[in-house]
Each structure stands twice: as C-alpha cells, then as structure tokens.
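Laboratory data are not the source of any read-out in this text; all were calculated from the coordinates shown. Treat the numbers as computed from the prediction; the structure is a model and nothing was measured.
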Amino acid sequence: MRFRTILSLTTLFLACFTIAVFAQALPADDGAYSANRAPENQSLSGQISSVGDAAFTLNIAKGNKGPESVEFLVDDKTKVEGKLTIGAKAMVEYHSDSGKNIAVHVVVTPVSGVNFF
C-alpha cells in the first residue's frame, strides 16, 4: 500500500511538472529570425533612362502621375542579359538593402524591339 501511494504521488508530481514546463511561453526572438533570413526579391519593368558605371535608372509608368524613376545598383553578383542602353526596356529582379535597390537579375530588350526568343 505504501509503495502504491509513493508511486502515485511521484506520477502526479511528474505530470504536474511536465504541464508546468510546457505551459511557459517561448521567448519571442523575432529580430534574430528576420536578420538571418534572406531578403525576398522583387521585380519591376520599365525603360532605362540613364546608365552609370555601377548603377542605372529605370523609368516606371505609374498611371496618371507620370513615370517614376528608380535607381538600381549593379554589383559583381548581378546577372545582366543584354546590354544596358538608354531607351531599352528592362525587367529587373532586385532586393533592397539599407534603402538601396541592388539588382540581382536584369533582362534587357533591345531598343529595336527585336526579340530572339
């Protein structure tokens, strides 16, 4: 009888301890998760208005307001298909880093409109 009472009390204690451990909220560390996560890429299409050494500007039509200019930086990881020339149409896949748009992939359609694909 004494063994059964000790075994029952021990089981009850372990069950209560287990419930108490799982009832605690997990620490919210969202900042570390978002810092380690890779930034998501976005894309825009428009007409190239200026080309520099490590950057180019794209004019994007925004309805009745007229075109909006967006500047993109080009680094050694940027893949460019075609030649960046003023007046050509381009589709840019990019990500933002510290307020700057860094181009990841640029597809340029020639000014003549000829598409070989």
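In terms of its Cα atoms, the stretch 42-109 spans 36, 27, 19 Å along the principal axes, sorted from long to short. Amide H contacts under 5 Å for V104: E93, Y94, H95, restricted to partners 5 or more places along the chain or on a different chain, H placed in the peptide plane at 1.01 Å from N.
Close amide H contacts of A88 (hydrogens built in the peptide plane, cut-off under 5 Å, sequence separation of 5 or more or a different chain): I48.
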